[in-house]
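A.B. asks: For reference, the structure I am asking about is given below.
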Amino acid sequence: MALRKLAAFCAWFCLTPTILAQPQPPAQPPASLPLPLRVQIPETGLAQRYDLKAGWNAISFPFRKVVSFSGLDSLVDPDTGKTLSPLDQKPGKAYWTYARSDCQGWAWGETVESGCIIELNKGWNLVGSPDSQALLLGQATASDESESNRIWEEICPDWIDSKMIANGKIVPLGAGTEWEPGAAYWVFARRPLKLRINSPGDIPVVQSLTLNDKQEQVLEGSHFGTLAQGRLLVGGQEIPASSIQEWTDRRIRFLMPSGLTGDSVILIADGAATPRVPVKAAGVAAWTASPGTRVPFTLKVVSQDNQPIARAQAWVDSKYAGLTDRYGLIYINQLTPGTHKVSVRCRDFLPLDLAWTVAGSSSHPTAKMYAPRSQINVRVMDPQDGFRLYKVDVYAVNDFTQRYTKYYTYDQATPYIDIFWTNITGNINYRFDLIWRNGDGREKYQTVYRTPGRYGIKETWWNYWTYY
């Protein structure tokens, strides 16, 4: 272990000579949290799972607030050395925690609904994603004491080093880097700065980039904000205000200054940055393939229960094509016949990559995205009012073939009923029909809806029928 740490330090020193080794956890584990805090009943909320190894582990929490946890103990803040409970964590920070044996930990929490600020001190910082999905750093913006709304190409490596440590390995850190939820990363800041992490709804939507007959670049989409609160960059260099001919919420026209070169356009509106839009395809839509005969292309993106998926990001031949609308559609005006690589990404769905052959006429394919396999793990406690759970019927709302039905005898001695269903589709809605019965044969009914999501449902329901 000591040799591996020494090798990692030597490798880092060779790659980045001015940086010292990152801090190490304390020699002794902290005192355990009181038992009532360590053994909490899980509450409703998004779940994050941790596979902990015996000894020290570095973890983060993809939540605005942790409401419950299981299998985790005290946290240690690397900045201050102080011990705290997972309930007191801050989004965007990562912590050390000590496991006395290999085990699994869980945390449940409330997701971040708006932008989140991660403050970095000069030197090493242990950080993580505040989002429940993989966080693409290219859509974060940065500020320090004098400058704001800086994109990653502007701050790396002057503000923050171009490498980081993840799982004990030195890896690149750049605009294309993704931070996984629950993971922890060591990054080195050369000055105090703030990273703004934007929610998907805050990010401007770019639908096309074309060149008009006046030789103006025309950017079209939505949520562009105003010129006073925005910035436009090509290849990491800002377009001066004198070159911008028009800036509205849906369209920007600008002239490319002489001597300015770059392969992508980045728009920053109200502190949120767009994906990099290729600029080399001037004169046609940014996603247009090589020159030749072009035909219309309409892509529809649906879930596996055939419901349209809105705000899915699409790329065609590695060129950004924009976002799907509320009907799951994205329109690409001109595409050359032949085979094209189509990539689709969306929160809570598995990545989708497919090859689509475009014929000589218009093409209207449908792409189906699948959710990860998930599970339902619900414990229903006895309400102690004479009624006991008699029947449970759980099924996918739009697919009755996915169904879980179970009957329970009234004289069952256990004070709870477990509903455990594995290997189910995670990102569709499930309906719970519960029937309660007392000794006189009277029945009460409830209907509840849950979506397991990526990490499944793990809940305990107390006196359940009295609340629904």
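A.B. asks: What number of residues within the stretch 435-450 are in a strand (DSSP E or B), surrounded by 11 or more Cβ atoms within 10 Å (Cβ to Cβ) and either in contact with a Ser or Thr (Cβ under 7 Å, 6 or more places away or on another chain) or without any contact (Cβ under 8 Å) to a residue 60 or more places away in the chain (or both)?
C.D. replies: Residues in the stretch 435-450 being in a strand (DSSP E or B), surrounded by 11 or more Cβ atoms within 10 Å (Cβ to Cβ) and either in contact with a Ser or Thr (Cβ under 7 Å, 6 or more places away or on another chain) or without any contact (Cβ under 8 Å) to a residue 60 or more places away in the chain (or both): 8 in total.
A.B. asks: When you scan the stretch 113-121, do you find a residue that is closer than 18 Å to residue 33 by Cα and buried (at least 21 other Cβ atoms within 10 Å of the Cβ), even just one? Break it down stepwise before answering.
C.D. replies: Our first condition is that a residue be closer than 18 Å to residue 33 by Cα; within the stretch 113-121, this holds for none.
No, because not a single residue in the stretch 113-121 is closer than 18 Å to residue 33 by Cα and buried (at least 21 other Cβ atoms within 10 Å of the Cβ).
A.B. asks: If a residue must be at pLDDT below 85 and surrounded by 14 or more Cβ atoms within 10 Å (Cβ to Cβ), how many such residues does the stretch 376-394 contain?
C.D. replies: So the first thing to find is which residues in the stretch 376-394 are at pLDDT below 85, and the list is 379-390.
Still in the list and also surrounded by 14 or more Cβ atoms within 10 Å (Cβ to Cβ): 379-383, 387-390.
Count: 9.
A.B. asks: Shifting gears a bit: For the stretch 135-147, what are the residues that are within 18 Å of residue 121 (Cβ to Cβ) and not hydrophobic (A, V, I, L, M, F, W, C)?
C.D. replies: 143, 144, 145, 146, 147, listed by residue number.
A.B. asks: On the basis of being outside the structural domain of residue 151 (by TED's automatic domain parsing) and within 29 Å of the chain's Cα centre (by Cα), does residue 224 make the cut? Lay out the reasoning, then the answer.
C.D. replies: Working: outside the structural domain of residue 151 (by TED's automatic domain parsing): yes; within 29 Å of the chain's Cα centre (by Cα): yes.
Yes, satisfied.
A.B. asks: Before we move on, is residue 221 assigned to a loop (DSSP other than H, G, I, E, B) and in contact (Cβ under 8 Å) with a residue 12 or more places away in the chain? Outline the logic, then answer.
C.D. replies: On the way: assigned to a loop (DSSP other than H, G, I, E, B): no; in contact (Cβ under 8 Å) with a residue 12 or more places away in the chain: yes.
No.
A.B. asks: Run residue 195 past the list (1) in a strand (DSSP E or B); (2) in contact with an Asp or Glu (Cβ under 9 Å, 6 or more places away or on another chain); (3) closer than 15 Å to residue 274 by Cα and report the number of the one that doesn't hold.
C.D. replies: Every listed condition holds for residue 195 apart from (3).
A.B. asks: Do we find that residue 80 is of a type in the set (Val, Ile, Thr) and surrounded by fewer than 20 Cβ atoms within 10 Å (Cβ to Cβ) in this structure? If you could, list the steps in order and put the result at the bottom.
C.D. replies: Details: of a type in the set (Val, Ile, Thr): yes; surrounded by fewer than 20 Cβ atoms within 10 Å (Cβ to Cβ): yes.
The answer is yes for residue 80.
A.B. asks: Now for a separate question. Restricting attention to the stretch 265-302, and to residues there that are surrounded by fewer than 21 Cβ atoms within 10 Å (Cβ to Cβ) and outside any loop (DSSP other than H, G, I, E, B), which single residue is modelled with the lowest pLDDT?
C.D. replies: Once the filter is applied, the top-ranked residue is 295.
A.B. asks: Tally time: how many residues in the stretch 109-130 are under 16 Å from residue 66 (Cα atoms) and either without any contact (Cβ under 8 Å) to a residue 24 or more places away in the chain or of a type in the set (Asp, Glu) (or both)? It would help to see each step written out before you state the result.
C.D. replies: Taking the stretch 109-130 first, the residues under 16 Å from residue 66 (Cα atoms) are 109-113, 116, 128-130.
Those still in the list that are either without any contact (Cβ under 8 Å) to a residue 24 or more places away in the chain or of a type in the set (Asp, Glu) (or both) too: 110, 113.
The number of residues fulfilling the criteria is 2.
The values are calculated or read from the model by the stated rules, or taken from the named source; none is laboratory data. What you see is a predicted model, and the numbers here were worked out from it, not measured in a lab. Note that each Cβ is placed from the backbone with ideal geometry, even for glycine, and that neighbours are counted across all protein chains shown.
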